[in-house]
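These notes are about the structure you will find just below.
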Amino acid sequence: MAASASVPSSEPHIPVLLRSLLDEVSPVSGVWLDGTLGAGGYSRALLENGAERVISVDRDPAALEMAADWAGNYGDRLQLVKGGFGNLDRFADVPLDGVTLDLGVSSMQLDDPERGFSFMADGPLDMRMGSQGPTAADLVNRLTEKELADIFFLYGEERAARRIARATVRRRAKSPITRTLELASVVQGCLPRAKCGQSHPATRAFQAIRVAVNNEYEQLVDGLEAAERALKPGGFLAVVTFHSIEDRVVKRFFRQRSGMDQRGSRHAPPQESKATRFRLKTYTPIGPDDRELATNRRSRSAKLRIGVRTCAEAGQCDRTALGLPALPRRGMGK
Ligand SMILES: C[S@@+](CC[C@H](N)C(=O)[O-])C[C@H]1O[C@@H](n2cnc3c(N)ncnc32)[C@H](O)[C@@H]1O
């Protein structure tokens, strides 16, 4: 493309890897579905760079309210939908030319203490992207020590999972943990102080609880399968991930659906077969360049992977091969 493609700058959330995405899918045309509207950086860029229409989905009502400020500029070329991208094929009225999923939370969600996502500012321990279902406080105060340890370990890859779970249960026996900084302090008490340049000690534990509250891994796999159903042959599926578990799932999905995991040798050329639902557009993920890193710290762990839909019939993927962390079945009681 399109060095000249127009990329709107959209405070308060700076879109991540947007220029790389546009470069890879250019020339943009037809009907796209943006499964993670956020501040609308991707949706607007697609509309400004050739998409006839964009269906923009978010489970967070605040994202849709924010979009009301600029949605009028695009008339009926923009459709706003409140919902989870796990069902995204239900929101598409025609076969799609492209689907974008920019995973995780937006800066608006992270920076608003009242949403409860941040370990840096005090707020209610909520972490729900939508407005329904159990909050982070519900999980932290009601799950058993073992269930909490599983979440910290499997969803956050936190090595001190058991220690943190034990400390959480001990702390909540005195009074329920209802604030973000209360949980952050419990986690910090279990881990060494972060050295300069290291992430905050509560990063992994907060990620783990957020993933559990929002069923993020289930939504991700449902969304990848739904995109396979919704895309037309030649349509793009572009996914931006922010941590290793998400990226592993997306990488394995694309390998499986492109038939690459059936090859004997990884040096053998890819072969199209009946099972090939996607062709890989990116063999290795695209990360931020120095310029993006310098202007947007939140881009540092981002990875973009893109597949192109073939004409093979859509189907169900083998979920057991995606490296999804599987929690033992849980209740909500101590
Ligand atoms: C990283 S932000 C997207 C930012 C957006 N690309 C932009 O440029 O402004 C992620 C957004 O996706 C939403 N989201 C996360 N998981 C979702 C899901 N399963 N279904 C629908 N929306 C989801 C979040 O509420 C958040 O608004």
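The values are calculated or read from the model by the stated rules, or taken from the named source; none is laboratory data. All values reported here derive from a predicted model rather than from experimental measurement. We place every Cβ from the backbone using ideal geometry, glycine too, and count neighbours over all the protein chains shown. For the accessible areas, the whole protein counts, side chains as well, though only heavy atoms, and no ligand, DNA or RNA atoms are used. Shrake-Rupley method; radii C 1.70, N 1.55, O 1.52, S 1.80 Å.
Are any residues in region 112-130 of a type outside the set (K, R) and within 17 Å of the chain's Cα centre (by Cα), and if so, which ones?
Answer for region 112-130, where residues must be of a type outside the set (K, R) and within 17 Å of the chain's Cα centre (by Cα): F117, S118, M127, M129, G130.
Is there a residue being open to solvent by less than 10 Å² (accessible area, probe 1.4 Å), modelled with pLDDT under 95, touching a Gly at 6+ places or on another chain (Cβ under 8 Å) and in a loop (DSSP other than H, G, I, E, B) anywhere in region 1-23?
There is at least one residue in region 1-23 that is open to solvent by less than 10 Å² (accessible area, probe 1.4 Å), modelled with pLDDT under 95, touching a Gly at 6+ places or on another chain (Cβ under 8 Å) and in a loop (DSSP other than H, G, I, E, B).
Which of the numbered conditions does R179 fail, given that it passes all the others? Conditions: (1) touching an Asp or Glu at 6+ places or on another chain (Cβ under 9 Å); (2) in contact (Cβ under 8 Å) with a residue 40 or more places away in the chain; (3) buried (at least 18 other Cβ atoms within 10 Å of the Cβ).
Failed condition: (3).
Taking only pairs six or more apart or across chains, which ones have beta-carbon atoms under 6 Å, a first residue in region 37-49 that is modelled with pLDDT of 95 or more, and a second residue that is crowded, with 24+ Cβ neighbours inside 10 Å and among the aromatic types (F, W, Y)?
Close Cβ pairs satisfying both conditions: L46/W32.
Could you tell me which residue of region 154-176 is surrounded by the fewest Cβ atoms within 10 Å (Cβ to Cβ), considering only residues that are without any contact (Cβ under 8 Å) to a residue 12 or more places away in the chain and assigned to a helix (DSSP H, G or I)?
K174
For every residue, the table says whether it meets (1) open to solvent by 10 Å² or more (accessible area, probe 1.4 Å); (2) under 25 Å from F278 (Cα atoms).
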| residue | (1), (2) |
| --- | --- |
| T36 | yes, yes |
| R77 | yes, no |
| A92 | yes, yes |
| G98 | no, yes |
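Could you list, in sequence order, the residues of region 16-55 that are on the phi > 0 side of the Ramachandran plot and more than 8 Å from the ligand (Cβ to nearest atom)?
L17, G30, G50
Examine region 215-238 for a residue that is hydroxyl-bearing (S, T, Y) and part of a helix (DSSP H, G or I), and state whether such a residue exists.
yes
Which condition from (1) buried (at least 17 other Cβ atoms within 10 Å of the Cβ); (2) away from the ligand (no atom under 16 Å from the Cβ); (3) not in a loop (DSSP other than H, G, I, E, B) is the one that S185 breaks?
(1)
How many of the residues making up region 92-123 are away from the ligand (no atom under 13 Å from the Cβ) and not in a strand (DSSP E or B)?
So the count comes out to 13.
Taking the conditions exactly as written (charged (D, E, K, R), more than 9 Å from the ligand (Cβ to nearest atom) and either without any contact (Cβ under 8 Å) to a residue 12 or more places away in the chain or open to solvent by less than 30 Å² (accessible area, probe 1.4 Å) (or both)), does E65 satisfy them or not?
It is true that E65 is charged (D, E, K, R), more than 9 Å from the ligand (Cβ to nearest atom) and either without any contact (Cβ under 8 Å) to a residue 12 or more places away in the chain or open to solvent by less than 30 Å² (accessible area, probe 1.4 Å) (or both).
Determine which member of the set G83, G72 is in the same structural domain as G98 (by TED's automatic domain parsing), open to solvent by 50 Å² or more (accessible area, probe 1.4 Å) and either away from the ligand (no atom under 14 Å from the Cβ) or touching a Phe, Trp or Tyr at 6+ places or on another chain (Cβ under 9 Å) (or both).
On inspection, the qualifying residue turns out to be G72.
Cβ-Cβ distance below 7 Å, separation of 6 or more or different chains: which pairs start in region 294-323 with a residue that is under 30 Å from S107 (Cβ atoms) and end on one that is assigned to a loop (DSSP other than H, G, I, E, B) and small (G, A, S)?
A302/G287; K303/G287; G307/S258
Can you name every residue in region 211-228 that is under 15 Å from L101 (Cα atoms) and not polar (S, T, N, Q)?
The answer is E216, Y217, E218, L220, V221, D222, G223, L224, E225, A226, A227, E228.
Just for region 127-148: of the residues that are in a loop (DSSP other than H, G, I, E, B) and surrounded by fewer than 21 Cβ atoms within 10 Å (Cβ to Cβ), which one is farthest from the ligand (Cβ to nearest atom)?
So the residue we want is T144.
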